[in-house]
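**Q** Below you will find the structure I want to go over with you.
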Amino acid sequence: MQRGMSANAPILGAIAVVAQDDHVILVQRGKEPRKGCWGFPGGHVELGETALDAAVRELQEETGVVATPRSYLTNIDVILRDEQDQVTRHYMLAAVLCDYVSGTPIAADDAADARWVSAEDLHAPELQLLDQVAELAVLACDLRRAST
C-alpha cells in the first residue's frame, strides 16, 4: 500500500448520466448497499482507467446502452453509517455526462431494472431515488437542451 493510503480510504467510483429528450437512464440497485433504490448506472473505477471511461463501461455492463463520455458534471460523496453513526463505507463518485449512442436499457450485471425516466417522473413515489439523483438529472437535461 502506498504511503498515506489506508484500507479505510474512500472508494472511487463513476456514474453515467445519460440525458436525452428530457429523460435519463436510471437503474434499480440489485445488491446492497441501498438495494432497491434507483440511481445512475455506475461502479468502481479500475486501476489505470479514467472515471470517464469507467462511467461508459459500467453503463454498458449494467444496461447494454452505448454512450460516449462528454464531461464531468460534479463529484458526489456517499458516506454510509451504521446505527452507532460509524462510517461503514465512503464512496467518492465522479458524475459523468454521457451522450447516448445506441441501445435500449435492459437490466444486466448487478442492476435489478433499467429504464429511461422522464424528468417529471423523478418524483414519483414508486421511485426510491438515491441521494442527488433528481438534481443531477435536471442538471443533465438542462445541459442537453442548452447544447442543442
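The values are calculated or read from the model by the stated rules, or taken from the named source; none is laboratory data. The structure presented is a predicted model; accordingly, all values stated were derived computationally and were not measured. Here Cβ is always computed from backbone atoms with ideal geometry, including for glycine, and neighbour counts include all displayed protein chains. Remember, those area values only see protein heavy atoms, side chains included, never the ligands or the DNA or RNA. Shrake-Rupley method; radii C 1.70, N 1.55, O 1.52, S 1.80 Å.
**Q** Which value at 222 nm does the chain reach when only helices count, each DSSP H run of 4 or more adding -39,500 (n - 2.57), with the total divided by all residues and rounded to the nearest 500 deg cm²/dmol?
**A** Numbers: 2 runs with 28 residues, N = 148.
For the chain, the value works out to -6000 deg cm²/dmol.
**Q** Here's a follow-up. Per residue and in Å³, how big is the convex hull formed by the alpha-carbon atoms of the chain?
**A** Values: hull volume 17.6 nm³, N = 148.
For the chain, the hull spanned by Cα atoms encloses 119 Å³ per residue.
**Q** Hey, for a label at ASP22 modelled as a point 7 Å past Cα toward Cβ, could you say which residues of region 103-137 have their backbone N under 12 Å away?
**A** 118-122
**Q** Something else: What's the extension gain from SER71 to ASP109 if we count 0.36 nm per residue and subtract their Cα-Cα distance? Before the final figure, lay out the partial values.
**A** On the way: separation 38, 0.36 × 38 = 13.68 nm, distance 2.47 nm.
Gain on stretching SER71 to ASP109: 11.2 nm.
**Q** Right, another one. With contacts defined as alpha carbon pairs under 8 Å and 6 or more residues apart, what's the relative contact order of the chain in percent?
**A** Values: 316 pairs, mean separation 46.6, N = 148.
The value is 32 percent.
**Q** Ok, one more. Please report how far the C-alpha centroid of region 84-102 lies from that of region 117-132, rounded to the nearest whole angstrom.
**A** 17 Å
**Q** For the Cα atoms of the chain, what angle does the longest principal axis make with the long axis of helix 51-63, in degrees from 0 to 90, nearest 10?
**A** So the inclination is approximately 70 degrees.
**Q** Could you tell me which residue out of ALA19, ALA107, LEU97 lies farthest along the dipole of the chain toward its positive end? Charges go on the beta carbon: Lys and Arg +1, Asp and Glu -1, centred on the Cα centre.
**A** Final value for the positive-end residue is LEU97.
**Q** While we're on this one: If the viscosity is 1.567 mPa s and the temperature 4 °C, what translational diffusion coefficient in µm²/s does Stokes-Einstein give for region 1-83 when Rh comes from Kirkwood over Cα pairs?
**A** Details: Rh = 14.3 Å.
It comes out at roughly 91 µm²/s.
**Q** Right, next: At 1.4 Å probe size, with the rest of the protein present, what percent of the exposed accessible area of region 84-130 is carbon and sulfur atoms? Mind dumping the intermediate values first?
**A** On the way: 1310 of 2770 Å².
About 47 percent, which is the carbon plus sulfur part of the accessible surface.
**Q** Could you tell me the relative contact order of region 45-111? Use alpha-carbon pairs under 8 Å, at least six residues apart, and round to a whole percent.
**A** Values: 112 pairs, mean separation 25.6, N = 67.
In percent, rounded to a whole number, it is 38.
**Q** Would you mind getting the Kirkwood hydrodynamic radius of region 80-126 from its Cα pairs, rounded to one decimal in Å? Could the numbers behind the result be given before it?
**A** Values: mean 1/r = 0.0681 Å⁻¹.
Taking every pair of different Cα atoms in region 80-126, averaging 1/r and inverting gives 14.7 Å.
**Q** Pick from PRO41, PRO105, PRO33 the residue whose mean-square fluctuation is largest in a GNM of the chain, springs joining Cα atoms under 10 Å.
**A** PRO33
**Q** With every protein chain kept in place and ligands, DNA and RNA left out, what is the accessible area per residue of the chain? Probe 1.4 Å, answer in Å². Numbers along the way, then the final one.
**A** Numbers: 8530 Å² over 148 residues.
Per-residue value: 58 Å².
**Q** Heavy atoms only, probe 1.4 angstrom, no DNA, RNA or ligands counted: give me SER118, SER71 ranked by accessible area, highest first.
**A** On the way: SER118 15, SER71 45 Å².
Reading off the accessible areas and sorting them downward yields SER71, SER118.
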